[in-house]
Amino acid sequence: MSENKNSKNDKEKFNELLTYLSENEDKLRVLLSGDQKLAPLVYPIKGKRSTKTVFIAEKLQCLVNEYCIDKELKIGDVMEYALIQYLNQNGYSDKLEAILKNSEVVNP
C-alpha cells in the first residue's frame with residue numbers, strides 16, 4: 001500500500017514538473033539554446049516609469065555598464081530584472097505576481 005502511495009506522489013510531482021516545463025517552454029528554449037548573442041530575459045512591466053537614484057559600489061557600476069554595453073541593454077532594464085529576481089526569491093512572489101500577471105518574459 002505504501003508503494004502505491006509513493007508511486008502516486010511521484011507521478012503527481014512528475015506531472016507538476018511537466019506542466020511547469022510546458023508552461024515555460026519559450027523561456028527554456030532561450031536558456032538552453034546556448035546562443036550567446038541572445039540578450040538576457042527581461043520583464044516588460046507596463047505602466048508609468050519613474051526614476052530612482054541608487055548608490056552602488058563604483059566597481060559594480062563599471063561592471064554593470066560593461067555588461068550593458070556588451071549585451072546592448074539599458075541599465076534600467078538590467079536593474080529592473082535584478083530587483084524582480086531578488087524580490088521573488090525573498091518572499092515577495094505573491095506581490096510580484098500581481099504586477100507581472102499581464103506581462104510576459106521576452107527577449108528584447
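Each peptide in 78-88, 51-61 receives the mean, over its residues, of other Cβ atoms within 10 Å, and ordering these scores from highest gives 78-88, 51-61.
Residue 70 sits with roughly 110 Å² accessible to a 1.4 Å probe, with DNA, RNA and ligands left out of the calculation. Pairs spanning more than 30 Å between alpha-carbon atoms, out of 13/95; 59/101; 27/74: 59/101.
The values are calculated or read from the model by the stated rules, or taken from the named source; none is laboratory data. Just so it is clear, the structure is predicted and the values come from calculations on it, not from any experiment. With ideal geometry, Cβ positions are generated from the backbone for all residues, glycine too; neighbour counts draw on all protein chains shown. Ligands, DNA and RNA are stripped out before the accessible areas are found, and what is left, the full protein with its side chains, is counted by its heavy atoms. Shrake-Rupley method; radii C 1.70, N 1.55, O 1.52, S 1.80 Å.
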